[in-house]
Each structure stands twice: as C-alpha cells, then as structure tokens.
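*Asks:* Take a look at the following structure, please.
The values are calculated or read from the model by the stated rules, or taken from the named source; none is laboratory data. What you are looking at is a predicted structure, and each value in this text was computed from that prediction instead of being measured. Backbone-built Cβ (ideal geometry, glycine too); neighbour counts: all protein chains shown.
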Amino acid sequence: MDYFEGGERINLMQVLDNREWREKYQKQLMASFPTAVITSVKLNLPGPIKTSPKLQSVFQNIINDLNPVFKDLQIIKEASFVDQITGPEIFFVTSGCLKLVKKIMITFEESHPLGRLLDLDVMCQNADKQLSREELGFTPRKCLLCGKDAKTCIKEGNHSLAEGYSQINKMLHNFEKSKMIVPQMTQSQVVNAALTGMLYEVSLAPKPGLVDPISNGAHKDMTVFTFIDSSLALQPYLNEAYRIGNQFKGTDLPRMFSLLRNAGIRAEKDMFAATNGVNTHKGAVFSLGIMVTAVAYATQKSITNLLTIQKVISDMTQDLVKNDLVKNNLRNSQNRQTAGERQFIKYKIPGVRGEAEKGFPIVMNLALPFLCEQQGNFNQRLLNTLMKIAGNIDDTNLIKRAGNATISKDMQHWSMTFFQIGGSYTPEGLKFLNDLDQMFIKRNLSMGGAADNLILTIFLARLVGSL
C-alpha cells in the first residue's frame, strides 16, 4: 500500500500561501486568547504530495493518540482543517506555560511511532521567540533514513524523494500493523481460521485460471472437491503447526521453523494421498503453516499485533533464500532443482521463500489493509483483494506456466484495467474477470501464488475481526 496514492501534487506557491494563512490564523488565535498557548499540528512530509485519503486517516489516528495529552492541558479551543490540499492541520488552544507545552510536544514526537512525521508548532502571544529543542535540552531532529542531523541531510540533499517516500511508507505500514490486534484464541479457533482461508479461496468465483465451483480453470486434474478434500486432509497438520508454536520455548525461532518443516513434509504426503497425487495446497502447507505457528508462538502469553507476528515470521525464516536457493543451487544438479530454484537462477525471483523471509509484506502491508477497506459482500471483497495481490507480486506459478517473467507486467496491466472499470462491483468488472479466465484457460495460465497470498490474507482477517 502506498500512502501517497491518490494525493494531488502541489506547487511552491500553494505551500507559501498555506504558510501565510497558518501564520495569520495563529495570530488571530493569540489575539483572541492572549494568555493561552497555541499549538498547531500538521504532517511534516517531503515532496509535492502533502495529503491523500490514506494520509488523512493516518493523521486522524495520530490526533487520537495526541488528544489525551491535550486534555491534560485543558483545551480551551480546538479547530480542524482536514481537507486542505497542503495537508490536514489542527490547532489546539490550551492553558499552561509555553515551556511546559513545548516539552510535552517534543516528548510526544520522540515517543510516538509516527512523531517524526509531525510538525508541532507551539507559541503564545507574550513570547519573544519560539523555543528551540536545544534550549529545552533535547537533541536536534534526526534524519528518518540515516539518523544524522536532519537539517544537514536536507541542506546537502543526501537522500532522494523516492527514498524518503519509501521510509515513510514503511513507518506507516508498521504503525498500522501495530494497531491490528490479534487476541489470544483457542487452538480450534486459529485452525478454523486457517481452514476458512483455504475454503473461502476455492469458493471464490470467477478467478482467472484458478479452480472455483463453476470452473476448473487451467487445471484439468482437479476440481473444487479436490480442494475441499485437500483442506480437510491438512487439518491435522494445522493443529500440529499450532502446537509447535504454542509449546515452543526460547528464541531460537529457526529451530521452531525446522520442526514445522518436518511436519510439513508429512502434511504434503497426506495432501497427495487425499488428492490422488494432485498438488492442491503445497504452497499453503509452507506459508499457512508458518503463519499459524507464528500466531501460536506470539500469543502464548497475551494478545499481540500483526507487527509482532511479522517479526516472528522473519526471525523463523532468516537466511531462508540463501540456505534454500543459493546454497541448494550450488549443490544440486539441474535435474534435481525444484521449479522455485530454477526460477531463482533464471530470473532472480526469490518467490514465497523471499516473501516469508520478509514476513509476507504483500499480505501484511497491502492485501490485508486493502481487504479491510473493501465494501460489499464476501465474494466482491475477496475478488478485489485477489486482483490487488495479483497485480503486485511476481507470481512464480504464473511465471512457470507462461515460461517467462514478462507475464508479471501483463498481470499488472490486467489488474489495473479491472479496477479502472469498477472491479467486482460492476458488471463490466465481472465480465472482464470471466474473459480473463477464458484467456488463462486457453493459455494454460494460473495465478496460484496470488491464491496462496489470498489464503493468508483471509486467515489474518479472521483473526483481527475484519472478515
């Protein structure tokens, strides 16, 4: 998810006009409340985009965290201007002395996860000048990217705008994930959520090239019933994955992952036995098993959040790409290489191992927040989420079937077109999916990687109460 998406670019004159307006409004407030302290709060963002629907939502979340601080200072007046093209702003008129309020604001800025993205301006009528951080015993603001003095980095142009946007997006993703709470659940609740992910995914229609209740897609060897049999056959494995995470002691999480992989080898045999040798859920055995184990581990003693779960997953799978792909490719002959290993050699695409090593960012940062925002019925919300995923990943299953990596560019275009015509909410969008399904069937294409990511997204959405 790009938090700057949908934002309008502004020019220097608009920035200067906004600055002039703010100074004028601050003077009006000081004249009306000569003994009070005036604090203005706005986002401090680089570049020409200062607001967007997502940034406005983030700003409101920060203000919700800031409100209790101001209530302790006794709010006299509060004024919000959220729809300005130069970014949302809010003004607080409070009692208290200037020095105290300034210290409180700096403390909030340094303690809040997104405090560095705020511009907190504190002033009062009887002050000769604004107090600096240094005068109050605080160190100068540090650069978001390198930790050096922020003013020096800005003056020297040490970082590109793209680097700045990337870092801000990362901060915002982490903040949103920290707010998504996963409660302590019973083993059956977690396992049922995982099964729900698999069963909802296969029940969804129409899905380009994938099996659903209406079509076998590009898969001649399986039906929706094959997937149901496979899902039920994997229930004991999901229970074992939960027990591994729930009972594991210590912080050697790669060892916990090793226990899970051994269980996964047995689970694949159960899957093939249930499907007469057909690979229905091999990807889910890997990725969903990891996620169930991570959730069970992270909720051993208390509730947790998605940021913590993502950290557990990354710790479990550290160096997975190096150990599974780089070293294995050096050891294995071409005949012994898996499809994932061959794609890594040919295209340098790390696939699901790379996603796991990073804590499944497509699911955590893009798909789940996107699903949470969707309206409509389950089928509409999940179809849109599937196509959002498909347009943002290098689907190794799709690449393998297409025979080249350029299919990812095509998939991005198809996803974009789908949303431009209204997605699953419009007849045109559904017709587009049906036509794409027929084209995928003719070309023997299937986006199995996107389907696996959707399963994970559904699983987490059930845990956080968003589905």
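*Asks:* For the structure I just gave you, tell me whether A194 is hydrophobic (A, V, I, L, M, F, W, C), closer than 30 Å to K388 by Cβ and assigned to a loop (DSSP other than H, G, I, E, B).
*Replies:* Against the criterion (hydrophobic (A, V, I, L, M, F, W, C), closer than 30 Å to K388 by Cβ and assigned to a loop (DSSP other than H, G, I, E, B)), A194 does not qualify.
*Asks:* Let me ask something else about it. Which of the following residues is in the same structural domain as G96 (by TED's automatic domain parsing) and assigned to a helix (DSSP H, G or I): E135, E176?
*Replies:* E135 is the lone residue from the list that is in the same structural domain as G96 (by TED's automatic domain parsing) and assigned to a helix (DSSP H, G or I).
*Asks:* May I pose another question? Report yes if some residue within the stretch 235-258 is assigned to a loop (DSSP other than H, G, I, E, B) and among the hydrophobic types (A, V, I, L, M, F, W, C); otherwise report no.
*Replies:* Yes: one or more hits.
*Asks:* Can you find a residue in the stretch 31-42 that is loosely packed, with under 14 Cβ neighbours inside 10 Å and among the small types (G, A, S)?
*Replies:* yes
*Asks:* Please determine whether any residue of the stretch 429-445 is more than 24 Å from V285 (Cβ to Cβ), assigned by TED's automatic domain parsing to the domain that holds F286, modelled with pLDDT of 95 or more and of a type in the set (G, A, S).
*Replies:* Yes; the residues of the stretch 429-445 include at least one that is more than 24 Å from V285 (Cβ to Cβ), assigned by TED's automatic domain parsing to the domain that holds F286, modelled with pLDDT of 95 or more and of a type in the set (G, A, S).
*Asks:* Pairs please, first residue from the stretch 45-57 and surrounded by fewer than 20 Cβ atoms within 10 Å (Cβ to Cβ) and outside any loop (DSSP other than H, G, I, E, B), second anywhere and among the hydrophobic types (A, V, I, L, M, F, W, C) and modelled with pLDDT under 95, Cβ atoms under 9 Å, 6+ apart in sequence or on different chains.
*Replies:* What qualifies is Q56/V82.
*Asks:* Every residue in the stretch 60-74 that is in contact with a strand residue (DSSP E or B) (Cβ under 8 Å, 6 or more places away or on another chain) and modelled with pLDDT under 90, please.
*Replies:* Within the stretch 60-74, F70, L73, Q74 meet the criteria.
*Asks:* Across the stretch 341-365, which residue is surrounded by the most Cβ atoms within 10 Å (Cβ to Cβ) among those that are part of a helix (DSSP H, G or I) and aromatic (F, W, Y)?
*Replies:* Per the stated criteria, the residue is F344.
*Asks:* Which is farther than 30 Å from N305 by Cβ, in contact with a Pro (Cβ under 6 Å, 6 or more places away or on another chain) and surrounded by fewer than 17 Cβ atoms within 10 Å (Cβ to Cβ), of N404, N434, N444?
*Replies:* N434
*Asks:* I would also like to ask the following. State whether one or more residues within the stretch 145-154 are exposed (fewer than 12 other Cβ atoms within 10 Å of the Cβ), not in a helix (DSSP H, G or I) and not assigned by TED's automatic domain parsing to the domain that holds I63.
*Replies:* Within the stretch 145-154 (the criterion being exposed (fewer than 12 other Cβ atoms within 10 Å of the Cβ), not in a helix (DSSP H, G or I) and not assigned by TED's automatic domain parsing to the domain that holds I63), the answer is yes, since at least one residue qualifies.
*Asks:* Quick one: how many residues across the stretch 101-139 are aliphatic (A, V, I, L, M), modelled with pLDDT of 90 or more and out of contact with any strand residue (DSSP E or B) (no Cβ under 7 Å at 6 or more places or on another chain)?
*Replies:* The number of residues fulfilling the criteria is 3.
*Asks:* Restricting to the stretch 366-407, what's the tally of residues that are in contact with a Lys or Arg (Cβ under 8 Å, 6 or more places away or on another chain) and under 25 Å from K54 (Cβ atoms)?
*Replies:* Residues that pass the stated criteria total 8.
*Asks:* Related question: Among the residues of the stretch 295-318, write down those that are in a loop (DSSP other than H, G, I, E, B), surrounded by fewer than 24 Cβ atoms within 10 Å (Cβ to Cβ) and touching a residue at least 60 places away in the same chain (Cβ under 8 Å).
*Replies:* Of everything in the stretch 295-318, those that are in a loop (DSSP other than H, G, I, E, B), surrounded by fewer than 24 Cβ atoms within 10 Å (Cβ to Cβ) and touching a residue at least 60 places away in the same chain (Cβ under 8 Å) turn out to be T299, S302, I303, Q318.
*Asks:* Is at least one residue of the stretch 102-117 crowded, with 17+ Cβ neighbours inside 10 Å and within 16 Å of Q26 (Cβ to Cβ)?
*Replies:* For the stretch 102-117, residues crowded, with 17+ Cβ neighbours inside 10 Å and within 16 Å of Q26 (Cβ to Cβ): present.
*Asks:* Identify the residue in the stretch 91-120 that is over 17 Å from I76 (Cβ atoms) and either among the small types (G, A, S) or outside any helix (DSSP H, G or I) (or both) and, among all such residues, is farthest from the chain's Cα centre (by Cα).
*Replies:* L120
*Asks:* May I ask you to list the residues in the stretch 117-132 that are under 20 Å from L172 (Cα atoms) and either free of Cβ contacts under 8 Å to residues at least 40 places away in the same chain or outside the structural domain of L29 (by TED's automatic domain parsing) (or both)?
*Replies:* Within the stretch 117-132, no residue meets the criteria.
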